[in-house]
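See structure below.
Where a number appears in this text, it was derived from the coordinates with a stated rule and is not lab data. If you're wondering where the values come from, they're calculated on a predicted model, not measured in any experiment. Cβ: placed from backbone, ideal geometry, glycine included. Neighbour counts: every protein chain shown.
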Amino acid sequence: MKTTGENRAEGFEITMDDVKNLIKKKDEIEEQIKAYHDVLEDQGVGVEGPLVDAEGYPRADVNLYTIRDARHNISCLQNDHKAIMVEIEEALHKLHAREKAKRERDEAESQEEPMEEQVTLPPPFARVDAVTYGSPASGAGLKVGDEVIEFGSVNTNNFQNLQNIAAVVQHSEGKPLRVAVIRDGQKVQMSLTPQRWSGRGLLGCNIVPVQQ
């Protein structure tokens, strides 16, 4: 009997459909073996029953040709069954190995993505070291430890000192400012509107420069 493995081209990748086809062939072989066993049971001899009588003559009460043919076919089919079971086991092993490799590759890529994103972020020019609860800064989502890479028109390329940020704040009272920070290695964007509140200043936070 030729299994799919004998016809498979070298380098061909096993698929789940291939495994299903192998299992289908295995089931067909098992059905054929059972059918031949039924033939032997009908003859009353089974696989090992004697085909000669007590005196050594061929038994006349059974169909010798049918029995021998059934036993021969069972022997061949059992060999086919062993071979296809090995092929199924190998195919499943290859499938599982490939799935495991794909899973590991996907996990490695997912871990690399944030690292690549972090590398492309500009260096921060300032850091938030205090945020007052209930202030405009707190309401916008600014947190202590945030590293500022953009504050309105001020960014890493044009920042000189904190007066740059102070000027932007004074000229933007009541107007939303685009603020971008680095938090836990990720870029976080928010809209911050400088405005009067119950505390001091227009922001309610303290920003210090980052030493380059």
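Over the chain, Cα pairs under 8 Å with separation of 6+ residues give a relative contact order of 18 percent.
The base-10 log of I(q)/I(0) for segment 126-209, evaluated at q = 0.11, 0.18, 0.21, 0.27 Å⁻¹, reads -0.24, -0.68, -0.95, -1.64 [Debye formula, identical scatterers on Cα atoms, solvent excluded]. Segment 68-106 and segment 153-207 have their alpha-carbon centroids 66 Å apart. Of all the stretches in the chain, which is the longest one without any exposed loop site, taking GluC sites (Glu not before Pro) in a DSSP loop (any state but H, G, I, E, B) with at most 11 other Cβ atoms within 10 Å? Excluding the exposed sites themselves, the longest stretch runs over 56-172.
Kirkwood radius for segment 16-110, taken over all pairs of different Cα atoms as the inverse mean of 1/r, rounds to 16.4 Å.
Taking the Cβ of P136 as the center, what net charge do the other residues with Cβ under 15 Å away carry, scoring Lys and Arg +1 and Asp and Glu -1? Net of charged neighbours comes to +3. Using a ≥ b ≥ c from the Cα gyration tensor of the chain (square roots of the eigenvalues), is it rounded, prolate or oblate, where a/c under 1.5 gives rounded and otherwise the larger of a/b and b/c decides, a/b for prolate? Note, shape of the chain comes out prolate.
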